[in-house]
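S.K.: Could you have a look at this structure, given as structure tokens, before my questions?
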Amino acid sequence: MTVFHFFNCAILTFGPHVVYYSATPLSEYDTIGTAVKAAVVYLGTALVKLICLATFLKVSENDSFDPYQELLKALIGFIDVAGLYFALTQLTHRNISQNHKFQAVGLGWAFADSVLHRLAPLWVGARGLEFSWEYIFQGIEANANLVLNLSLAALGSLMWLRKNKPKTLIPIIYACVGVLATMPSIISYLRRSIGWHPSKVVAFELMSSLVMAFISWQLFSACQKPST
């Protein structure tokens with residue numbers, strides 16, 4: 001039963017990444033190399049963030065919400081944006097379209113994030129003797145994180161790869177990137193300051209990921225239209 005629960009949670013956590021790659025044109029254009037490169041860049045970015053967190057943040061004696069600490073975390077979170085910039089603009093990619101490039105980068109980024117932050121807790125905890133909703137919620141969070149990372153990669157491609165985008169949309173694109181980059185701090189505020197139940201936090205993550213995906217899709221579609 002414990003192994004069955006572990007495999008269910010693992011499939012829920014990592015399965016959507018595989019399904020997304022297989023069910024979209026990414027597999028047809030063999031973009032796995034781009035996704036792997038993005039995953040490696042993510043690991044480097046995560047190391048830089050870890051060093052910054054260890055350098056500038058103090059260890060809290062309790063689990064309360066500290067606005068100053070969370071502000072620093074939010075600022076450090078923008079290192080992800082710098083990492084995505086490098087993955088989208090500096091890495092050598094196969095001759096693929098901008099549409100496929102940002103999807104491959106976002107997919108690799110999200111998969112590396114799930115492996116780094118969720119594989120070990122799943123392996124240790126989901127094989128326990130007692131059933132826990134914690135790892136189900138963790139898998140759902142991974143799905144929301146996949147959508148958020150794809151949205152961030154899409155907006156990043158608009159900022160750095162799309163030259164002839166409408167000027168009126170530029171502030172909206174930057175604002176959406178700011179929201180996505182600070183999303184971990186928003187989630188931390190809901191959990192630790194307001195004290196939301198994990199189910200409410202997960203529901204918020206799902207809804208916010210869908211809203212940001214819709215906005216990103218609208219912005220991407222608007223920027224694809226020929227300027228008049």
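The values are calculated or read from the model by the stated rules, or taken from the named source; none is laboratory data. Note that the structure is predicted; figures quoted are calculated from it, not measured. Note that we place each Cβ from the backbone using ideal geometry, even for glycine, and neighbour counts take in every protein chain shown. Protein only, heavy atoms only, side chains kept; ligands, DNA and RNA dropped before computing areas. Shrake-Rupley method; radii C 1.70, N 1.55, O 1.52, S 1.80 Å.
S.K.: Taking the conditions exactly as written (among the aromatic types (Phe, Trp, Tyr), on the phi < 0 side of the Ramachandran plot and open to solvent by 30 Å² or more (accessible area, probe 1.4 Å)), does Trp109 satisfy them or not?
M.R.: Values: among the aromatic types (Phe, Trp, Tyr): yes; on the phi < 0 side of the Ramachandran plot: yes; open to solvent by 30 Å² or more (accessible area, probe 1.4 Å): no.
It is false that Trp109 is among the aromatic types (Phe, Trp, Tyr), on the phi < 0 side of the Ramachandran plot and open to solvent by 30 Å² or more (accessible area, probe 1.4 Å).
S.K.: Test each condition in (1) in contact with a helix residue (DSSP H, G or I) (Cβ under 7 Å, 6 or more places away or on another chain); (2) assigned to a helix (DSSP H, G or I); (3) closer than 27 Å to Gly33 by Cβ for Phe137 and report the one that comes out false.
M.R.: Result: Phe137 fails condition (3) only.
S.K.: Does segment 195-218 hold any residues that are within 20 Å of Glu134 (Cβ to Cβ), open to solvent by less than 60 Å² (accessible area, probe 1.4 Å) and either free of Cβ contacts under 8 Å to residues at least 12 places away in the same chain or hydroxyl-bearing (Ser, Thr, Tyr) (or both), and which are they?
M.R.: Across segment 195-218, the qualifying residues are Gly195, Ser199, Ala203, Ser209.
S.K.: Residues in segment 186-206 that are charged (D, E, K, R) and closer than 18 Å to Leu148 by Cα: how many?
M.R.: In the first step, residues of segment 186-206 are kept if they are charged (D, E, K, R); the result is 191-192, 200, 205.
So of that shortlist, the ones also closer than 18 Å to Leu148 by Cα come out as 200, 205.
Adding up the residues that qualify gives 2.
S.K.: Filter segment 219-228 for residues that are part of a helix (DSSP H, G or I) and open to solvent by 90 Å² or more (accessible area, probe 1.4 Å) and give the result.
M.R.: Our first condition is that a residue be part of a helix (DSSP H, G or I); within segment 219-228, this holds for 219-224.
Within segment 219-228, none qualify.
S.K.: May I ask you to list the residues in segment 163-194 that are of a type outside the set (Val, Ile, Thr) and either in contact with a Leu (Cβ under 8 Å, 6 or more places away or on another chain) or open to solvent by less than 30 Å² (accessible area, probe 1.4 Å) (or both)?
M.R.: Lys165, Leu169, Cys176, Gly178, Leu180, Ala181, Met183, Ser185, Ser188, Leu190
S.K.: Can I ask one more? Under the condition of being open to solvent by 80 Å² or more (accessible area, probe 1.4 Å) and assigned to a helix (DSSP H, G or I), which residue from segment 69-99 is modelled with the lowest pLDDT?
M.R.: Within segment 69-99, the match that is modelled with the lowest pLDDT is Leu71.
S.K.: Within segment 12-29, can you find the residues that are open to solvent by 80 Å² or more (accessible area, probe 1.4 Å) and in contact (Cβ under 8 Å) with a residue 24 or more places away in the chain?
M.R.: Passing the criteria: only Tyr29.
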